[in-house]
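This report concerns only the one structure given below.
The values are calculated or read from the model by the stated rules, or taken from the named source; none is laboratory data. Only a predicted model underlies this, so the values are computations on that prediction, with no experimental measurement involved. FYI the Cβ positions are ideal-geometry reconstructions off the backbone, even for glycines, and counts take in every protein chain you see. All accessible areas refer to the heavy atoms of the entire protein, side chains included, with ligands and DNA or RNA removed. Shrake-Rupley method; radii C 1.70, N 1.55, O 1.52, S 1.80 Å.
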Amino acid sequence: MDWKFLQGLLSGVNKYSTAFGRIWLSVIFVFRVLVFVVAAERVWSDDQGHFECNTRQPGCTNICYDFFFPISHIRLWALQLIFVTCPSFMVVLHVAYREERERKYRAKHGEDTRLYDNPGQKHGGLWWTYLISLFIKTTFEITFLYMLHYIYDSFKLPRKVQCDVSPCPNLVDCYISRPTEKTVFTYFMVGASVLCVILNICEIFYLIASRVVNLRHRGSVHTSPTKVHPDIDHDCCKSSLTS
C-alpha cells in the first residue's frame, strides 16, 4: 500500500487543524503509519507460513489458522488507518468549496470584494464539518478497538492454541510464530489508537468551549449600550450570509 499518497493528502489538513489536530496528525504518522510500514508489516509477514500444528492432516493447519485469525492484525490496522484519516478530508473539501465560492464571488462583484475573510477559518458551516469529522474519527477508532478485542478475545496473543475444526482428526495443538513480539506491537498500536481517541475528545471540547466563548463575546457586544460601529454590522451580516 502506498502510504506516501495518504501522507500527501493529509498534509493539506494540517494547516486547517487546531493544536490538538496537529498533534493527532503527528501521532498518526510517527507512531502509527511509520511503525506500521517499517516494523509491523514485517512482523506479521510470515504469520501464516510459521503457524504450525502437531498434525499432518491435509488442510488442518490452514483451517485452524483461518479459525483463529479470521482477519490479520496488520490488515485490520490498515483498514483502521484508512477509516480514521478519511473524515479529515471533509474539512479539506469544505475549504475547497469555500474557495470556489470566493472565486466566483470576486469574478462577479470585482477583485476588491470578499465573501470570506478567511476560507479556512472555522466558523459557520466549516465549524460543524470539523466537529462532525472529529466525532466520526473517534467512532471509528473505538469501533476498531472493539473489533480487535472481540475477534481475538484479548490484545495478548497466546503461544499455543487448540483446534478441533474439521478436517482435523482430533484436538490438535497449534503454535503461533513470535507471539511475544506480536503482543508488544499489538499493545503499542492499541496505545497509539487510545491516544488518538483522547486527542480527538480534547479537540472536541476545545472547539465547543471556543464556540461558547465567541458566542458570549458577540452577545456582550450586541447588548452593549455604546454605539456600534457600522463595520461591525456589516461583518455580522456577511458572516450570517456565508456561514
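Listing for the model above:
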item	result
Output for the stretch 155-174, where each listed residue is assigned to a strand (DSSP E or B) and either within 19 Å of residue 58 (Cβ to Cβ) or more than 36 Å from the chain's Cα centre (by Cα) (or both)	163, 172, 173, 174
Which listed residue is out of contact with any strand residue (DSSP E or B) (no Cβ under 9 Å at 6 or more places or on another chain) and under 19 Å from residue 149 (Cα atoms), from 28, 71, 23	71
Extreme residue, modelled with the highest pLDDT, among residues of the stretch 149-182 that are surrounded by 11 or more Cβ atoms within 10 Å (Cβ to Cβ) and among the aromatic types (Phe, Trp, Tyr)	175
Those helices (runs of 4 or more DSSP H) lying entirely in the stretch 1-114 with at least 1 residues in contact with a Cys (Cβ under 8 Å, 6 or more places away or on another chain), over 27 Å from residue 196 (Cβ atoms) and modelled with pLDDT of 80 or more	60-68
Qualifying residues in the stretch 81-98 (those that are open to solvent by less than 90 Å² (accessible area, probe 1.4 Å) and farther than 17 Å from residue 137 by Cβ) - the one nearest to the chain's Cα centre (by Cα)	95
Test result for residue 113, polar (S, T, N, Q) and either under 26 Å from residue 134 (Cβ atoms) or free of Cβ contacts under 8 Å to residues at least 24 places away in the same chain (or both)	yes
Residue count, the stretch 175-185 (criterion: over 19 Å from residue 66 (Cβ atoms), outside any loop (DSSP other than H, G, I, E, B) and touching a residue at least 40 places away in the same chain (Cβ under 8 Å))	2
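Quick grid of which residues meet (1) among the aliphatic types (A, V, I, L, M); (2) farther than 26 Å from residue 211 by Cβ:
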residue: 79; (1), (2): yes, yes
residue: 83; (1), (2): no, yes
residue: 104; (1), (2): no, yes
residue: 110; (1), (2): no, yes
residue: 124; (1), (2): no, no
residue: 142; (1), (2): yes, no
residue: 148; (1), (2): yes, yes
residue: 154; (1), (2): no, yes
